[in-house]
Amino acid sequence: MKQERTVKSWMIQLFSMAALMLLFIFLGQKSLIVFADKSLENNQPTAIQTPTIMVPGTNGTVDRFDGLIKALKVNEQSEVLKVTVATDGTASFSGKLSPSSEHPIIVVAFDDSSDDTLAIQGKWYQQALEAIQKKYTFKTYNYLGHSNGGLVITSYLENFRLADDPELNKLITLGTPYNGTSSKENDAVTNFSEVKQVSQSLTSYVQKRHELPSTIKMLNIAGEIENDATDGTVPVQSVFSGRMIYQESITDYQELLIQGEKTKHSELVENTEVIQQLRSFFWEK
């Protein structure tokens, strides 16, 4: 009898220990699940306010707009993310953005931004957008393209834009050579109804203008030095030939000629009037 009680007592203890072990295992798995969920939460993209994306022209780096950005900052809540895209489409990042940033700025540049790679830079820009969205989410954005940076967004919109990409809201192109830079193709005039000779690249952009989102609002800016109808690099006629691509395809198309100080091609990004126009066009309702 005593032996039977001992066996029963031993079996009860054994079952109790087994139950405790199962409970510990269950609780351990639950805590691991909770930990995993928190880890996933921390890896979610950060939602930010509508950013302004800036892309420089030939051989421009992510530091190209530093002077402009310094002049644009209205408070300490303005933050900058710099993105450099390699020739294989991968992106590297510098800086960070937060949900509280009122006017976040993203600068996108390419390791090889030479004229030779212009045809593929629109694709690289799309790949940059995808990489950015893994870190930050936004539904719409504004875009500033200086020089060939205006051709990059045009190429992207016509050839490489994907349905899941964020929507371009407002667009400023600055000193963009839509019809090249040659005097053989552009007259030395600021007012015109048609260009002297349509370049092959402009022809290509015009042929695909139906691909442009109709909701875009655009300001196309040209610079002129010493009444020469050029900014020293790009003829005004070439800049304003952008109307052949955008004017009949989007909601709102405007042009602006900047004259006076700092109107040379490379200086336009720090021109006082350009800065005022950019702030007004992008950020003021």
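What to note about this one:
- Residue among Phe160, Trp124, Ile48 farthest towards the positive dipole end of the range 48-283, charges placed on Cβ: Ile48
- The string of couplings for the range 106-120 from the Karplus curve (6.51, -1.76, 1.60, θ = phi - 60°) is 10, 9, 10, 9, 10, 4, 10, 10, 6, 4, 5, 9, 4, 5, 9 Hz, one whole number per residue in order, with x for Gly and Pro.
- Per-residue Cβ neighbour rank within 10 angstrom, fewest leading, Met218, Met244: Met244, Met218
- Every pair of different Cα atoms in the range 146-285 enters the Kirkwood calculation, which places the hydrodynamic radius at 15.1 Å.
- Ala47/Lys73 FRET efficiency (R0 22 Å; Cβ-Cβ; nearest 0.05): 0.50
- Computed about the Cα centre, the dipole magnitude for the range 229-273 is approximately 140 debye when only Lys and Arg (+1) and Asp and Glu (-1) carry charge, each at its Cβ.
- Taking 19 Å as the limit for the C-alpha separation, the pairs Lys217/Lys262; Lys96/Lys134; Lys196/Lys264; Lys70/Lys123; Lys70/Lys262; Lys82/Lys262 exceed it in the case of Lys217/Lys262; Lys196/Lys264; Lys70/Lys123; Lys82/Lys262.
- When both the range 137-184 and the range 215-283 are represented by their alpha-carbon centers, they are found 14 Å apart.
- Using a simple spin-label model with pseudo-atoms 7 Å out from Cα toward Cβ, Ser193 and Thr272 lie 3.8 nm apart.
- Relative to the current alpha-carbon distance between Asp116 and Ser214, full extension at 0.36 nm per residue lengthens the span by 32.3 nm.
- In this structure, the amide hydrogen of Ile53, modeled 1.01 Å from its nitrogen in the peptide plane, lies closer than 5 angstrom to those of Ile106, Asn142, Tyr143, Leu144, counting only residues at least 5 positions away or on a different chain.
- Likely footprinting exposure, Glu255, Glu226, fewest C-beta neighbours within 10 Å first: Glu226, Glu255
Quick note: the coordinates plus some simple rules give every number you see, no bench work behind them. Owing to the predicted nature of the structure, the values given are computational and were not obtained by experimental measurement. Counting neighbours? That spans all protein chains shown, and the Cβs are built from the backbone with ideal geometry, glycine included.
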